[in-house]
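Engineer: Starting off with a structure, shown below.
The values are calculated or read from the model by the stated rules, or taken from the named source; none is laboratory data. No experiment lies behind these values; they were computed from the predicted model shown. All Cβ positions, glycine included, derive from the backbone under ideal geometry; neighbour counts span all protein chains shown.
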Amino acid sequence: MAVYPITRYPRDLELRDATKVAVRPMAATDCAPLLDFFRAIPEDERYFLKDDVSSPRVIQAWSDGLDYDRALPLLAFDGDRVVGDAVLVRRRGGYRRHAAEARVVVAPDFRGKGLGVALLRELIEIAWDAELEQVDFEMVKGIQDDAIHAVEFLGGIKVGQVSDAVRDLHGDLHDAVFLRLPLGNYWKWAQF
């Protein structure tokens, strides 16, 4: 099984408004700026993330357990400030080792500039280079619609939806949406 190649980092990305951000894998020294980043994400959005990212213990555990071949977290920086977090998580089971899950969070003031799509492209290129066959996404309809559209823009296909599967902070029900971005020739041809 191929490992995640990270030799292309650090690298600069230019966003649609000509803003430049530096992207590189998370390092053990990134706990404080990453915690500041997540605490600036609105609570009603953080609620749908897989971990309590406002907890210093959670961020420290991520730092202590960095294993780039299992989960590769990429951070986007504007100077010393984290403005984007993207992670590619390899599936553990042998029967699903051909797939990974991707998650992306962007600072509110950096949305609409193309950073989310740029980070998704980075993760997908890494997955392609690691010879994975697909990247999967799980999102919440009505809350993460911009992210759903970004994945579809890159060629992601909706493969399922479960009605009223999750509750928000106010107790309102939302649908869970599952998307898959197939790699292989599909991704290669999409790059032309």
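Engineer: Please count how many residues of segment 1-21 are among the aliphatic types (A, V, I, L, M), loosely packed, with under 15 Cβ neighbours inside 10 Å and in contact (Cβ under 8 Å) with a residue 12 or more places away in the chain. Steps first, please.
Structural biologist: Within segment 1-21, the first condition is being among the aliphatic types (A, V, I, L, M), and the residues that meet it are 1-3, 6, 13, 15, 18, 21.
Next cut, loosely packed, with under 15 Cβ neighbours inside 10 Å only: 1-3, 18.
Checking which are in contact (Cβ under 8 Å) with a residue 12 or more places away in the chain leaves us with 1-3.
Looking only at that region, the number is 3.
Engineer: Turning to a different aspect of this structure: Looking at (1) of a type in the set (Asp, Glu); (2) closer than 28 Å to Asp168 by Cα; (3) in contact (Cβ under 8 Å) with a residue 40 or more places away in the chain, which is the one condition that is false for Asp80?
Structural biologist: Checking Asp80 against (1) of a type in the set (Asp, Glu); (2) closer than 28 Å to Asp168 by Cα; (3) in contact (Cβ under 8 Å) with a residue 40 or more places away in the chain, the one that fails is (2).
Engineer: In this structure, is Ala147 assigned to a helix (DSSP H, G or I) and under 19 Å from the mean Cα position of the chain (by Cα)? If you could, list the steps in order and put the result at the bottom.
Structural biologist: Details: assigned to a helix (DSSP H, G or I): yes; under 19 Å from the mean Cα position of the chain (by Cα): yes.
Yes.
Engineer: Identify, please: which residue in segment 105-139 is outside any loop (DSSP other than H, G, I, E, B), within 26 Å of Gln161 (Cα to Cα) and over 14 Å from the mean Cα position of the chain (by Cα) and is, among those, modelled with the highest pLDDT?
Structural biologist: If we take residues in segment 105-139 being outside any loop (DSSP other than H, G, I, E, B), within 26 Å of Gln161 (Cα to Cα) and over 14 Å from the mean Cα position of the chain (by Cα), then Gln134 is modelled with the highest pLDDT.
Engineer: May I ask you to verify whether Thr29 is modelled with pLDDT of 95 or more, more than 20 Å from Ala150 (Cα to Cα) and among the polar types (S, T, N, Q)?
Structural biologist: Yes, satisfied.
Engineer: Here's something else I'd like to know. If you go through segment 50-62 one residue at a time, how many are within 11 Å of Ala27 (Cα to Cα) and either surrounded by fewer than 12 Cβ atoms within 10 Å (Cβ to Cβ) or touching a Ser or Thr at 6+ places or on another chain (Cβ under 8 Å) (or both)?
Structural biologist: Summing the residues that are within 11 Å of Ala27 (Cα to Cα) and either surrounded by fewer than 12 Cβ atoms within 10 Å (Cβ to Cβ) or touching a Ser or Thr at 6+ places or on another chain (Cβ under 8 Å) (or both) in segment 50-62 gives 0.
Engineer: Another question, then. Checking the condition within 24 Å of Leu13 (Cα to Cα), surrounded by fewer than 21 Cβ atoms within 10 Å (Cβ to Cβ) and β-branched (Val, Ile, Thr), which residue from Val135, Val89 passes? Quick ask: steps written out before the conclusion?
Structural biologist: Working: Val135 fails: surrounded by fewer than 21 Cβ atoms within 10 Å (Cβ to Cβ).
Only one candidate qualifies: Val89.
Engineer: Mind checking which pairs have a first residue in segment 153-181 that is among the aromatic types (Phe, Trp, Tyr) and a second that is surrounded by 12 or more Cβ atoms within 10 Å (Cβ to Cβ), Cβ under 6 Å, 6 or more apart or different chains?
Structural biologist: Qualifying pairs under 6 Å: Phe178/Glu138; Phe178/Val159.
Engineer: Testing Gly142 on (1) outside any helix (DSSP H, G or I); (2) crowded, with 18+ Cβ neighbours inside 10 Å, one condition comes back false. Which one is that?
Structural biologist: (2)
Engineer: Is it true that some residue in segment 96-104 is touching a Cys at 6+ places or on another chain (Cβ under 8 Å) and either farther than 25 Å from Glu138 by Cα or surrounded by 13 or more Cβ atoms within 10 Å (Cβ to Cβ) (or both)? Walk me through how you get there before you give the answer.
Structural biologist: Of all residues in segment 96-104, those touching a Cys at 6+ places or on another chain (Cβ under 8 Å) come to none.
No, that holds for no residue.
Engineer: If you take the residues of segment 65-86 that are at pLDDT below 95 and either touching a helix residue (DSSP H, G or I) at 6+ places or on another chain (Cβ under 8 Å) or hydroxyl-bearing (Ser, Thr, Tyr) (or both), which of them is nearest to Ala100 (Cα to Cα)?
Structural biologist: Narrowing segment 65-86 to residues at pLDDT below 95: 65-72.
Now narrow it down to the ones that are either touching a helix residue (DSSP H, G or I) at 6+ places or on another chain (Cβ under 8 Å) or hydroxyl-bearing (Ser, Thr, Tyr) (or both): 66, 68, 72.
Values: Leu66: 17, Tyr68: 13, Leu72: 11 Å.
Among those that are at pLDDT below 95 and either touching a helix residue (DSSP H, G or I) at 6+ places or on another chain (Cβ under 8 Å) or hydroxyl-bearing (Ser, Thr, Tyr) (or both), it is Leu72.
Engineer: Can Phe37 be described as more than 24 Å from Glu125 (Cα to Cα), touching a residue at least 60 places away in the same chain (Cβ under 8 Å) and touching a Gly at 6+ places or on another chain (Cβ under 9 Å)? Let's see the steps before the verdict.
Structural biologist: Working: more than 24 Å from Glu125 (Cα to Cα): yes; touching a residue at least 60 places away in the same chain (Cβ under 8 Å): yes; touching a Gly at 6+ places or on another chain (Cβ under 9 Å): yes.
Spelling it out, Phe37 is indeed more than 24 Å from Glu125 (Cα to Cα), touching a residue at least 60 places away in the same chain (Cβ under 8 Å) and touching a Gly at 6+ places or on another chain (Cβ under 9 Å).
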